[in-house]
Amino acid sequence: MKTLRILSALLTYPDANLLAALPEFIPVLEREAWLPASERKTLAGLINTLAASDPIEAQERYILLFDRTRSLSLHLFEHVHGESRDRGQAMVDLIQLYEEGGFTPTTKELPDFLPLFLEFASTRQPEEARDLIQQPLQVMAALRERLAKRGAIYLPVFDALLALARVKPDAAMLERLLAEPDPEPDDLEALDAAWEEEEVRFGPAAGSDGCGHDSLASKLRQARRPAPGLAVPDPASLRPAVTTSTAPRR
């Protein structure tokens, strides 16, 4: 599923490899036509904006949004609450899901990194891929709203993901996620406080399968801390997020 590979790539650190691959993206999106025309058009705008950006400015923008601001973290488990043991098991289960699908990531990122998750979904058949996208829908919808508030250029990626899911996020769960602190990246005091806050907890009142699924969705409601033996990535580090090939497979 080349469309998902492109969405994954667009959410990674804009290094030289990604910027060089951008001209290939729009023709592939149009040829595959898995997204509605309106989403393809706005994604083309994002791709053209990135292509025209100064590389250093593009990288600084990415870091300010996704690495420095916890409320925009692309690590899915960062946005939900549970015991450390639960998150550790969630990480193990997600790695097992990848392995069972014959997917071996060539990346140092944690398995709940959204571009990595989308990379895995791109290897599935369309309906299975859509089912996977639906499972972290609430988190992606919350990220979309926070990006919209900032007028961020990455908004089209999340509009595309919501369009592919073809279901609406659970309103109550989305409201709870959006109630979490969402400081601006230049408010250092608020950022420090936000990193110390507890994440939202989805308890029994939220139901056993708030997204309508009971696999990854349930893990997304349980996770909080890194699995034993897995290092927490440095949010301020300047690094390419996924080291797999950026260009869509032909």
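The set of residues in region 80-106 that are in a helix (DSSP H, G or I), modelled with pLDDT under 90 and not polar (S, T, N, Q) comprises ARG85, ASP86, ARG87, GLY88, ALA90, MET91, VAL92, ASP93.
This table checks each residue for (1) crowded, with 21+ Cβ neighbours inside 10 Å; (2) in contact with a strand residue (DSSP E or B) (Cβ under 7 Å, 6 or more places away or on another chain); (3) within 15 Å of SER8 (Cα to Cα).
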site: PRO115; (1), (2), (3): yes, no, yes
site: ARG130; (1), (2), (3): no, no, yes
site: ALA141; (1), (2), (3): yes, no, no
site: GLU145; (1), (2), (3): no, no, no
site: GLY151; (1), (2), (3): no, no, no
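Number of residues in region 3-23 that are crowded, with 19+ Cβ neighbours inside 10 Å, in a helix (DSSP H, G or I) and hydrophobic (A, V, I, L, M, F, W, C): the value is 7.
Per the listing ILE26, ILE63, the residue uniquely assigned to a helix (DSSP H, G or I), in contact (Cβ under 8 Å) with a residue 40 or more places away in the chain and either surrounded by 13 or more Cβ atoms within 10 Å (Cβ to Cβ) or not β-branched (Val, Ile, Thr) (or both) is ILE63. The residue list SER38, SER71 contains one member that is more than 19 Å from the chain's Cα centre (by Cα), assigned to a helix (DSSP H, G or I) and among the polar types (S, T, N, Q), which is SER38. Which one is nearest to the chain's Cα centre (by Cα), of the residues in region 107-134 that are more than 16 Å from ILE95 (Cβ to Cβ) and assigned to a loop (DSSP other than H, G, I, E, B)? Ranking the candidates gives SER122 first. Pairs are defined by a Cβ separation below 7 Å, a sequence spacing of at least 6 or placement on different chains, a first member in region 103-119 that is more than 19 Å from PRO136 (Cα to Cα), and a second member that is modelled with pLDDT under 85; the pairs so defined are PRO105/THR244; THR106/THR243; THR106/THR244; THR107/VAL242; THR107/THR243; THR107/THR244. The requirement of being among the aromatic types (Phe, Trp, Tyr), over 21 Å from ARG40 (Cα atoms) and within 13 Å of the chain's Cα centre (by Cα) is not satisfied by PHE158.
The values are calculated or read from the model by the stated rules, or taken from the named source; none is laboratory data. Since this is a predicted model, take the numbers as computed values, not measurements. Neighbour counts run over all protein chains shown; Cβ positions are idealised from the backbone, glycine included.
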